[in-house]
């Protein structure tokens, strides 16, 4: 696995590309660093549910320095939507690709 290092001018912080990692805490930290409001998820009977109340996170994201502790026992990462974050749920990758071609949208990060 070749993880690329990304230099973020916003924070002057070098991090590993979080989408090439399998560590829930690190993925949550990277997503929060990029400005997303993240929610710890736990697995209950084959379903992922929020760990605790998440509505407050719509307006008050977890502070960056607390993300790793919030995700200590998390099984997954949720992203709070609304407030300029829109999600389109498509279950068929072929249909999604015909709507929004993935290959044409990829950009290399230097």
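Throughout, read-outs are computed from the coordinates displayed, never taken from laboratory work. Bear in mind the structure is a predicted one, so any value in this text is a computation, not a measurement. Heads up, the Cβs are rebuilt from the backbone with ideal geometry, glycines too, and the neighbour counts pull from every protein chain shown.
Taking other Cβ within 10 Å of each residue's Cβ, how do 69, 37 sort, fewest first?
In increasing order of surrounding Cβ atoms, one gets 69, 37.
Test of understanding: ordering 85, 30 by Cβ neighbours within 10 Å, fewest first, what list do you get?
In order of increasing Cβ crowding within 10 Å: 85, 30.
Which residues in the range 29-50 place their backbone N less than 18 Å from a point set 7 Å from the Cα of residue 68 along the Cα-to-Cβ direction?
29-35, 38-40
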